[in-house]
Every structure is written in structure tokens, then in C-alpha cells.
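A.B. asks: Handing you this structure, nothing more for now.
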Amino acid sequence: MKRAYLYALAFAGAATGCASAFAHNGATGIVADRMMGMMMLGEQMQALTPIINGSSDPSPGAIEEAAAMIAAHSGNAMTELFPEGTTEFPSEARPEIWEDWALFAQYAQQLESLAQELGRTTDQPTQETARVARNDWTSMDTSVLLGLAPKSDPENSRSDPETQSIRSAAAVATDIAGTCSACHTVFRK
């Protein structure tokens, strides 16, 4: 019985490996790795599309999962998958990646930053709620309330994370989609 289970497990693993190889026209090595990473990013964007379109209420769990997956496959993790000269078929990377590496790396870092921001949206209030919560009373300390200190200048408090407005998951996901699109326009065949 155990032997049959092990054979079934081995067959399933082999089938999965073959399916992923055929899905990318026989790509191997680093090209296959990056194609799988890009496919995963595409799946996360499909999961976020209803949130972007406003046709679905964002599920904190789904947003957190998408944010974690996007963050794990962006930034340095993404740029490491593009060693110079890996443009041969079936790669969809244009040589322009290595000709303008700074721009490509900027897109990868921007994607990572946006993924991290998306992860923070799930446990934060919406932008409207944040504005209500940060009214005059909650932004003052005791000395201000007693008239012993001047109220802080709102123009100078923009760098304070507590006073920054919190963007919605839809707004951040829209920026992620825009970053992907901009990168693909320049660097994908």
C-alpha cells in the first residue's frame, strides 16, 4: 500500500514538473525560474483585479497573501533572475533590460515597496476612517490641550506615519498593476 502511494506521489510530481516545462515552451534553468515567478505575479494580479475594479470587497487574508507573494518575487529577488545574456528563446525578456538596468531595477524595487504597502492596508483603517480618527483631539498631547504648548504645524508633520493618510488596497493594487504594465511595455517581448 505504501509503495502504491509513493508511486502515485512520484507520478504527480513528475506530471507537475512536465506541465510547468510545457507551459513555458521548454524553458529551463534561470529562464524557467523567472517565467514561473512572473506567472505567479500574474496570478496575484488576477486575484487583485476584482478589488481594483470595485466588484469585490477586499478580503484581508487574500490581500495579505497577494502582498507577501508579490514582495517575495520583486526587488532583488526579481533582478537576480535576470543575469546578463539570458534572452534566448523561450525567454520573453528584451535586451533592453541590460541596456537600462537602472530602470529595470527601479521597477523591481517599486514593485517590492508597493507590495509591502499593500500588506499594510489589510490591518489599517481606510483612508476616510484614518482622517476621522486623526482629528484635533487625538492629534494633541496633554500640554496642547491645556494650552501650555502650541499645536503642531500640520505642514511639518507629514513625515509622521500617524498623520499620513492610508491608501486603500484598491489604490495600491492599481499602482502595482501600473508598475507591471510599465515594465512589460519596455522590457518584455
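A.B. asks: What ranking do 176-184, 68-76 get when scored by the average of other Cβ atoms within 10 Å per residue, highest first?
C.D. replies: On the way: 176-184: 16.8, 68-76: 18.6.
Averaged packing, sorted descending, gives the order 68-76, 176-184.
A.B. asks: Run the numbers for I30 and A182: contour at 0.36 nm per residue of separation, minus the present Cα-Cα distance, in nm.
C.D. replies: Working: separation 152, 0.36 × 152 = 54.72 nm, distance 2.29 nm.
Gain on stretching I30 to A182: 52.4 nm.
A.B. asks: List the residues, sorted by chain then number, that are 5 or more residues from A93 or on another chain and whose placed amide H is less than 5 Å from its amide H.
C.D. replies: Distant-sequence amide H within range of A93: K189.
Coordinate-derived values only; no laboratory data. What you are looking at is a predicted structure, and each value in this text was computed from that prediction instead of being measured. Note that each Cβ is placed from the backbone with ideal geometry, even for glycine, and that neighbours are counted across all protein chains shown.
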